[in-house]
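The values are calculated or read from the model by the stated rules, or taken from the named source; none is laboratory data. All values derive from a computational prediction rather than experimental measurement. Cβ coordinates were reconstructed from backbone atoms using ideal geometry, including for glycine residues, and neighbour counts include every protein chain displayed.
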Amino acid sequence: MSEDVRLGATYKTLALPTNWSERRFTMNWNEAARIDWGTIALFGYGIALGILLADTGLAETIGTSIADAFGFTSLLAVSAISAIIAILISETTSNTASATIVVPIVIPIASAAGLDPLIPALAAVFGASFGFMMPVSTPQNAVVYGSGMIPITKMVRSGVFFDVVGLILIVLLIPVMAGLIVA
């Protein structure tokens, strides 16, 4: 890292030069130090977890176990469980990681029930986008929480409401959407 003293301030430059000859960069060290690095790390951990679950076959084992334990046979029940699992996992990991984790779990559940996995997988994908309670759930949540203007308690209260509404909409509308797509 180099010292930038041309603008009258002494600070270490960090990354991505915008004007190399003037030593201007997109971010200086003081700005980088204010980033909520814990939230960014949680996004990365979630994506790594999703990839590992799929690559090791653990996702398929979990899906088969859930199907055997509950014995689902209804498309509505499998879609609802898919969306619930996705929403719950989405509260602790990013949307991308949630979809990466849940879809490989949902496919064996649907297959064990003798159902086409398209609708439950769509329910899981949409459910992965409905994690609204925690900062790590979506990048938008992370930005809002990182601003310090919204306390975590308010995020959780509001998030529960939106998660329930989202679950209801997913379960009711995904079969309709899939019917339009397939037809």
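Observations on the model:
- In the range 143-158, the residues that are on the phi < 0 side of the Ramachandran plot and in contact (Cβ under 8 Å) with a residue 40 or more places away in the chain form Cβ pairs under 7 Å with partners that are surrounded by 13 or more Cβ atoms within 10 Å (Cβ to Cβ) and not in a helix (DSSP H, G or I), at six or more places apart or across chains, as follows: Tyr145/Pro135; Gly146/Asp36.
- A count restricted to the range 38-71 and to residues that are in a helix (DSSP H, G or I) and over 30 Å from Pro135 (Cβ atoms) stands at 8.
- The requirement of being surrounded by fewer than 24 Cβ atoms within 10 Å (Cβ to Cβ) and in the same structural domain as Leu172 (by TED's automatic domain parsing) is not satisfied by Ala83.
- Spans of helices (runs of 4 or more DSSP H) in the range 72-183 with at least 2 residues in contact with a Phe, Trp or Tyr (Cβ under 9 Å, 6 or more places away or on another chain) and among the β-branched types (Val, Ile, Thr): 75-90, 95-112, 152-182
- Contact annotation: no residue pair with Cβ atoms under 9 Å, 6 or more positions apart or on different chains, pairs a residue in the range 43-72 that is on the phi > 0 side of the Ramachandran plot with a partner that is among the β-branched types (Val, Ile, Thr) and surrounded by fewer than 18 Cβ atoms within 10 Å (Cβ to Cβ).
- For the condition among the small types (Gly, Ala, Ser) and either under 10 Å from the mean Cα position of the chain (by Cα) or modelled with pLDDT of 85 or more (or both), Ala110 qualifies.
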